[in-house]
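The values are calculated or read from the model by the stated rules, or taken from the named source; none is laboratory data. Everything numeric here is computed off the predicted structure, so don't read it as measured data. All Cβ positions, even for glycine, are placed from backbone atoms using ideal geometry, and neighbour counts span all protein chains on display. Ligands, DNA and RNA are stripped out before the accessible areas are found, and what is left, the full protein with its side chains, is counted by its heavy atoms. Shrake-Rupley method; radii C 1.70, N 1.55, O 1.52, S 1.80 Å.
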Amino acid sequence: SGAVVAASGAGGARPPKAPPRRPRGKPRFSRQSAIKKSFQQEQVVFSTPVPADPTVAIIGGGASGLACASALAARGVRAVVFDTGMHGLGGRMATRMVDDGRRLVFDHAAQFFTASDQRFQKLVDEWVDKGLAREWRGSIGELEAGGHFTAIPSSTPRYIGVRGMRPLADAMLPEVYQNDLIKVVRPSWISKLEPFNGLWRLFESEKPQGQYDAVVIAHNGKCANRLLSTSGLPQLTRQMKRLELSSIWALLAAFDDPLPIPQDNTYGTFEGAFVRDIDSLSWMANNTQKLFPLETNRPECWTFFSTASYGKKNKVPQENIPNATAEKVKRDMLGGVELALGLSTGSLQRPFYTRVQLWGAALPMNTPGVPCIFDPQGRAGICGDWLTGSSIEAAVLSGMSLGDHVADYFASGGERPEEFAIGLDDSLNLVEGHDIGQFPGLDPQKPQVAEPQLAPSI
């Protein structure tokens, strides 16, 4: 009989109470607000049989959403991925290419990744075999003000995309499934979820975007909170609202001449550095050396990231950054580069290209330590790196886990929904790691990934 909206925590729908008499002269509450408030406290319960050929809507085409779609396809379940990306899929697996006569390439979100789980390692090995990824053997380490660099020796391989991070995202959708079992819709901003006759209806600014047997939220931040707030999924809404996200500024800068990078006697000139004790700078990486180590006479393209504390203090709407803020951030971050490299104020060469970007919902600051979240009553789930940590590996494993979990739920016929509830009540704990994310195995002194109880995601 379709979707039944039941009172949260109760077995069925409660009869509405008669509203108390309102004294005259009191201001009226908006009917729309009252409906929204009551709907937030009600749970959608699907009572229709699970179909033999289900289709899942995945909202978000980052690493986690793509891994979820791929896992579903491997089990014969259709998936439609909705993503807001104007230039491509991948979310924080983002690469910006600028053609000003000299091709400039910047990884402007995820910088590199490590693999500590055999399932993710298998995917990485496939990327390497296809020539899409390789080990980053350049020197990385910690940089303190004054140009004091200490390399981080690590037996754990560090990986990068050969042509940047974004092509790796495209490779996550297996070609054999692309036409039949996985469909991608972008750019698309899903603005509303609505249960109807045992299905989820999706809308983009009131325009229908199809009906689906289950829905996956594979993004986070205020957009996800807004989408869930009127969905009839109070348990998912509550967990998502508990998530705290950092804000980080990215500065992309291209220089005609190489920057004066301090030398390490053993490891040489660094290509990436975690910057210590400089508020406007937490990371700097030379994309040119990283991506094109054998090419000479290319301009140096650097990615600089602020600290999370600097991002919080200088946060503005990321869709509409005021010019004055952009100039201040650029000035502050380039000043941080001078300080980190031990250069005198104003002596850093002027970049011929710059771009600032605010990642307003950059990285998770807390995590429940579960691989995925699934509400079997509402046939809806959440995947993302934040569920176990803050890394590409965590994102991919979360998507894989939810895809398999949803496929298992459909295979069961939906007859024992209570057995498939996961992650709906877990509390969130602090995420350890760097301001730009976690890199399992890179720094063995610091435990960086929360260990989930179930098979476990810039």
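Of the solvent-accessible surface of the stretch 152-302, computed with a 1.4 Å probe and all protein chains present, 46% belongs to carbon and sulfur.
Divide the volume of the convex hull around the Cα atoms of the stretch 342-420 by the residue count and you get 154 Å³ per residue.
The listed residues ASP213, ASP425, ASP375, ASP257 rank as ASP425, ASP257, ASP213, ASP375 when sorted by accessible area, largest first, using a 1.4 Å probe. Modelled spin labels at ASN366 and LYS313, positioned 7 Å past Cα toward Cβ, are 2.4 nm from each other. Taking each residue as 0.36 nm, the span from SER412 to SER154 lengthens on full extension beyond its C-alpha to C-alpha distance by 88.5 nm. On a straight-distance basis, which aspartates and glutamates could pair with LYS315 in a cross-link, Cα separation under 18 angstrom, same-chain partners fewer than 8 positions away excluded? Excluding near neighbours in sequence, the set is GLU244, ASP279, GLU327, ASP332, ASP435. With 23 Å as the limit on Cα-Cα distance, the pairs of LYS290/LYS328; LYS183/LYS290; LYS241/LYS312 that go past it are LYS290/LYS328; LYS183/LYS290. The order of VAL50, VAL337 by accessible area, most exposed first and with a 1.4 Å probe, is VAL50, VAL337. For the stretch 263-411, the ratio of Cα radius of gyration to the globular rule of thumb 2.2 N^0.38 Å stands at 1.38.
The stretch 106-137 and the stretch 45-91 have Cα centres spaced 23 Å apart. Within the full protein context, the accessible area of ILE182 is estimated at about 10 Å² for a probe radius of 1.4 Å. Taking all protein chains as they are arranged and a probe of 1.4 Å, the heavy atoms of MET97 leave approximately 100 Å² accessible to solvent.
Placing pseudo-labels 7 Å out from each Cα toward the beta carbon at PHE292 and ASP425 gives an inter-label distance of 5.7 nm. Pairwise inverse Cα distances across the stretch 52-119, averaged and inverted, put the Kirkwood hydrodynamic radius at 14.1 Å. Label-to-label distance for THR269 and LYS183 is 5.1 nm, based on points extended 7 Å past Cα in the beta-carbon direction.
Taking 0.36 nm per residue of separation and subtracting the Cα-Cα distance, full extension of the segment from TYR353 to GLU204 would add 50.1 nm. Long-range amide H contacts for ILE373: which residues qualify at under 5 Å (H placed 1.01 Å from N, peptide plane, sequence gap of 5 or more or a different chain)? The answer is ILE382.
With all pairs of separate Cα atoms included, the stretch 174-231 yields a Kirkwood hydrodynamic radius of 12.7 Å.
Taking 15 Å as the straight-line reach from the Cα of LYS207, the aspartates and glutamates in range (excluding those fewer than 8 positions away in the same chain) are GLU194. For the chain, the solvent-accessible area with a 1.4 angstrom probe is 47 square angstrom per residue. Over the C-alpha trace of the chain, radius of gyration and Dmax come out as 23.7, 82 angstrom. With the helix formula -39500 (n - 2.57) applied to DSSP H stretches of n ≥ 4, the chain reaches a computed 222 nm mean residue ellipticity of -7000 deg cm²/dmol. With the alpha-carbon atoms of the stretch 220-321 aligned to their principal axes, the span from lowest to highest coordinate is 58, 28, 28 Å, starting with the largest. With the Kirkwood sum run over all distinct C-alpha pairs, the stretch 42-186 has a hydrodynamic radius of 17.6 Å. Sorted on the mean count of surrounding Cβ atoms within 10 Å across their residues, most packed first, peptides 284-291, 379-386, 224-231 read 379-386, 284-291, 224-231.
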